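Input: a single structure, listed below in structure tokens.
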Amino acid sequence: MLRAFFIADFYPRCTIGVMNASHNIYIHVPFCISKCKYCAFFSRACASPDWDSYAEKIIHEIKHWRNILGRVSVPTIFFGGGTPSLLPTKIFAKIMDAIHENFELLPNAEITIEANPKTLDSVRLREFCDGGVNRISIGVQSFDDEKLKFLGRAHNADDARRLIDAAMATAKNVSADFIYGLPSDNTHDVIKTCNEINRIGLQHCSMYELTIEPDTPFGKMNLEMPTNDEMAEMYNAISKTLKLKRYEVSNYAAKGAECRHNQNVWDGEPYIGIGDGAAGRILINNEWYEELGGGKLFEKLSDSHRAIERVITGMRTRHGVMVDETIKKIIDIEFAKSHPDMLEFKSDNRICATDAGILGLDKIIERLVK
Ligand code: SF4
């Protein structure tokens, strides 16, 4: 009951004459050509959905947020999934037109689209870039056909290499996602992947550890996974081998090639989540709200809840979190000071995890937050 929810009159609105803060935008595209065996994301296998009704819903949400926030500026847009590269480019253009009509898209805005190598050729890639996309994030996962098959990916390694080449010739920024820590993986495999990333000259990549989620085919397979020590060894080998610098737990970039959208979200900036499966953090008149795309939720967040979220996301990044008055109230400063091997105070009043701390980050955050 999307419409009924949206026309309800309980949304706070921008105080007249006061401009709301800029908001980043995340748009979820929940369709994939097939379902990967490890995937627990909100997505379903459907290569030819009813794109017109999908676009109608997305544009309806865009207009809704314009009514609530006013014509705020937008520094980044991220089309995530699912598989956004399945979008017909005409539908993509329609959504972009709606964003231009309702918000102030900044001239240097970063516009990312996630792409599956099986769904994008160089013609459509060019059309997306002509329509505004300036960052392509490619779901490569592996350069090994056997591993891709095991993961249930629809593409092979050559499809991935071809798309990387085409994207590097077309878009300003190109990133690729990889998964390591498969049952048979070892440090040698990880180093081989990193060497190929170096050779290609990618400016950004994300290296994700395979996690087994219960409601997936992998979750039912009783797989023999690498031990924690083996995983840590592979993680350290990635940092040592890649020429790119780690700027977040799983993300590596050349200087200036960091993903601005994700960096903004981790830094605690507001963002609108649009589409079923999206989530957002909205800032209206200095108050924070949690929302779920499709109008599934809109709820005020307390200052302490928002501060904890900022610690959880900020501590994942190399530059950590700013220790302002709200953060001071919710973290145990004495604990931080007594663990210099794990936590570090920066001269600009930020706190971050050291290389050793990153390996046990969840436990450290649990202990750091009072
Ligand atoms: S392409 Fe991505 S979202 Fe789609 S099924 Fe595979 S992992 Fe999940």
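The values are calculated or read from the model by the stated rules, or taken from the named source; none is laboratory data. Predicted, not measured: the structure shown is a model, and the values here were computed from it. All Cβ positions, even for glycine, are placed from backbone atoms using ideal geometry, and neighbour counts span all protein chains on display.
When we screen I113, I179, I138, I191 for residues that are part of a helix (DSSP H, G or I), touching a residue at least 24 places away in the same chain (Cβ under 8 Å) and of a type in the set (V, I, T), the only hit is I191. Scanning the stretch 42-86 for residues that are buried (at least 16 other Cβ atoms within 10 Å of the Cβ), assigned to a loop (DSSP other than H, G, I, E, B) and under 21 Å from the mean Cα position of the chain (by Cα) yields a count of 3.
For the stretch 93-110, a residue qualifies if it is in a helix (DSSP H, G or I), in contact (Cβ under 8 Å) with a residue 40 or more places away in the chain and either of a type outside the set (S, T, N, Q) or within 20 Å of R260 (Cβ to Cβ) (or both), and the qualifying residues are I95, A98, I99. Within the stretch 99-153, being within 13 Å of the ligand (Cβ to nearest atom) and of a type in the set (G, A, S) holds for A115, S137, G139, S142, G152. All of I351, I327, I312 fail the test of being assigned to a strand (DSSP E or B), β-branched (V, I, T) and not assigned by TED's automatic domain parsing to the domain that holds A253, apart from I351.
Look at (1) within 13 Å of the ligand (Cβ to nearest atom); (2) modelled with pLDDT under 95 and you find that D177 fails only one, number (2). Condition check for D215 on (1) at pLDDT below 95; (2) in contact with a helix residue (DSSP H, G or I) (Cβ under 6 Å, 6 or more places away or on another chain); (3) not aliphatic (A, V, I, L, M): one failure, at (2). Within the stretch 41-53, being among the charged types (D, E, K, R) and either more than 10 Å from the ligand (Cβ to nearest atom) or farther than 17 Å from T216 by Cα (or both) holds for D50, D52. Of all residues in the stretch 28-40, those satisfying the criterion of being crowded, with 17+ Cβ neighbours inside 10 Å and within 6 Å of the ligand (Cβ to nearest atom) are C32, C36, C39.
Just one residue in the set E269, E299 is of a type in the set (D, E), within 24 Å of T76 (Cα to Cα) and buried (at least 16 other Cβ atoms within 10 Å of the Cβ); that residue is E269. Of all residues assigned to the stretch 282-291, none qualifies as being under 13 Å from I25 (Cβ atoms) and within 15 Å of the chain's Cα centre (by Cα).
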